[in-house]
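The values are calculated or read from the model by the stated rules, or taken from the named source; none is laboratory data. Only a predicted model underlies this, so the values are computations on that prediction, with no experimental measurement involved. Cβ atoms come from the backbone with ideal geometry, glycine included; neighbour counts cover every protein chain shown.
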Amino acid sequence: MREKNGTKIFSKTELKEAADLLQKGKLVAFPTETVYGLGANALDGEAVQSIFAAKGRPADNPLIVHIARQEEIKELTTGNLSPQAQKLIKRFWPGPLTLVLKKSEEVPEITTGGLDTVAVRMPKHSLALKLIELAEVPLAAPSANLSGRPSPTLAEHVIADLAGEIAAVVDGGQTGIGVESTVVDLSTEVPTLLRPGGITYEMLEEVLGTVEIDPAVKAKVNQESKEAISPGMKYRHYAPQAEVILVEGEAEAITDKIQELAAQESNVGIMASREYQDFYQQGIVKVMGSRDDLTEISNNIFKLLREFDKLGVDKILIEGLPEHGLGLAIMNRLRKSAGYQIIDT
Ligand code: AMP
Ligand code: MG
């Protein structure tokens, strides 16, 4: 075991030690197939309170509760599972899909940000599942970053943000999807997509028939002034220190625009697709991945934002992508990273 500022860094063979800390009400970050989560006993109000404190997270931004077995959903929710919930669970659990359901009395209000619903997910990552089982409690686990910063896809990102603030992190290497889970609200009559992620809109539609998309999902302006269904949508998210500009439109127009903007700057980073990386004559170019492999891109966006911060660039220019499949989740995160500074070519 290593240590940084009092935060233990466990390897994947030290899960028992990590689970012991969780049982004592401590905070332990762990890898999932989406991003690293910052875990605490979801049923222990005080432990959950310390998640909000460590992250600097607004108290009305609810947490996702992670379980290792389907039966655990009974303790967290009221009433019977709807046919829609059953279908989604059968098809997509374990996996990057979070369901919002009516909460039971067992779940403290602090875990749900004061809402009468609870968000539940069964992750697919073997270390996450094992840790939850060893801890013997459901784990509330938001992304293990400081509130407002890019989500962590490596243990070193967690350490950079939270060393000294949390008991431990389990180092499981790089996470597998790189953006947070899809969130679907099933507490309303028509299922509503609140946050796009690894389970795509198209996949949900295939199982459910009809899915509404919350307007905030595709928003190109800040929703802060509006009343959002999901309080998590109100806050600036995923922001590096540098100013971020997202350029959207047809690929050729995007690259021309970025080239033009980069020529006006002296200390600029560009997040490019592999297909266009050689096009740019100015700036530090980093490759997000191929336009034909959106999973590669989703895995890299948060990591690259943090790398550009380390390099100390003043501005980051990002190529926009089509919004189909995983592209919807990627563009949703990039628009927020840019604080909605978007150029539509
Ligand atoms: P994070 O833990 O950082 O991935 O954020 C969790 C997100 O899940 C929140 O920001 C909300 O958008 C969403 N969420 C969690 N619980 C609820 C809930 N009860 N109702 C609606 N959205 C929720
Ligand atoms: Mg988060």
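Comparison of ALA272, ALA262, ALA329 shows that the only residue that is out of contact with any Phe, Trp or Tyr (no Cβ under 7 Å at 6 or more places or on another chain) and among the small types (Gly, Ala, Ser) is ALA329. Summed over segment 40-61, the residues that are closer than 14 Å to GLU165 by Cβ, within 16 Å of ligand 2 (Cβ to nearest atom) and not in a loop (DSSP other than H, G, I, E, B) give a count of 6.
Rundown of residues vs (1) within 13 Å of the chain's Cα centre (by Cα); (2) of a type outside the set (A, V, I, L, M, F, W, C); (3) at pLDDT 95 or above, yes/no style:
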position	(1), (2), (3)
GLU133	no, yes, yes
PRO142	yes, yes, yes
ASN145	yes, yes, yes
LEU162	no, no, yes
GLY178	yes, yes, yes
GLY209	no, yes, yes
PRO215	no, yes, no
LYS220	no, yes, no
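Exactly one residue among ALA167, ALA219, ALA144, ALA155 is within 16 Å of ligand 2 (Cβ to nearest atom) and not basic (Lys, Arg), and that residue is ALA144. Scanning segment 1-26 for residues that are of a type in the set (Asp, Glu), touching a residue at least 24 places away in the same chain (Cβ under 8 Å) and outside any loop (DSSP other than H, G, I, E, B) returns a single hit, GLU17.
Residue under question is SER298, and the condition is that it be under 20 Å from the mean Cα position of the chain (by Cα) and either of a type in the set (Asp, Glu) or under 30 Å from ILE213 (Cα atoms) (or both); does it hold? Yes; evaluated as a whole, the condition is true for this residue. When LEU97 is tested against the conditions (1) surrounded by fewer than 18 Cβ atoms within 10 Å (Cβ to Cβ); (2) within 15 Å of ligand 1 (Cβ to nearest atom); (3) aliphatic (A, V, I, L, M), the lone failure is (1). Name the residues in segment 269-284 that are under 10 Å from GLU319 (Cα atoms) and among the hydroxyl-bearing types (Ser, Thr, Tyr), would you? SER273, TYR276, listed by residue number.
Out of all the residues in segment 76-93, is one or more over 12 Å from ILE110 (Cβ atoms) and under 19 Å from the mean Cα position of the chain (by Cα)? Yes, segment 76-93 has at least one match. Taken as a whole, the condition of being over 16 Å from PHE52 (Cβ atoms) and in contact (Cβ under 8 Å) with a residue 12 or more places away in the chain applies to PRO150.
Okay, residues lined up against (1) within 11 Å of ligand 1 (Cβ to nearest atom); (2) crowded, with 24+ Cβ neighbours inside 10 Å; (3) within 25 Å of SER187 (Cα to Cα):
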{"residue": "VAL28", "(1), (2), (3)": "no, yes, no"}
{"residue": "VAL35", "(1), (2), (3)": "yes, yes, no"}
{"residue": "ALA40", "(1), (2), (3)": "no, yes, yes"}
{"residue": "ASP44", "(1), (2), (3)": "no, no, yes"}
{"residue": "ALA47", "(1), (2), (3)": "no, yes, no"}
{"residue": "SER50", "(1), (2), (3)": "no, no, no"}
{"residue": "ARG57", "(1), (2), (3)": "yes, no, yes"}
{"residue": "LEU63", "(1), (2), (3)": "yes, yes, yes"}
{"residue": "PRO83", "(1), (2), (3)": "no, no, yes"}
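For segment 164-176, what are the residues that are of a type in the set (Gly, Ala, Ser), modelled with pLDDT of 95 or more and on the phi < 0 side of the Ramachandran plot? ALA167, ALA168, GLY172, listed by residue number. The residue that is surrounded by the fewest Cβ atoms within 10 Å (Cβ to Cβ), counting only those in segment 194-207 that are away from ligand 1 (no atom under 11 Å from the Cβ) and within 16 Å of the chain's Cα centre (by Cα), is THR200. Yes or no: SER266 among the polar types (S, T, N, Q), at pLDDT below 95 and out of contact with any Cys (no Cβ under 8 Å at 6 or more places or on another chain)? Yes. Residue count for segment 16-26 under the criterion of being surrounded by fewer than 24 Cβ atoms within 10 Å (Cβ to Cβ) and touching a strand residue (DSSP E or B) at 6+ places or on another chain (Cβ under 7 Å): the result is 3.
Checking each residue of segment 295-305 against the condition of being free of Cβ contacts under 8 Å to residues at least 24 places away in the same chain and more than 19 Å from HIS237 (Cα to Cα) gives at least one match.
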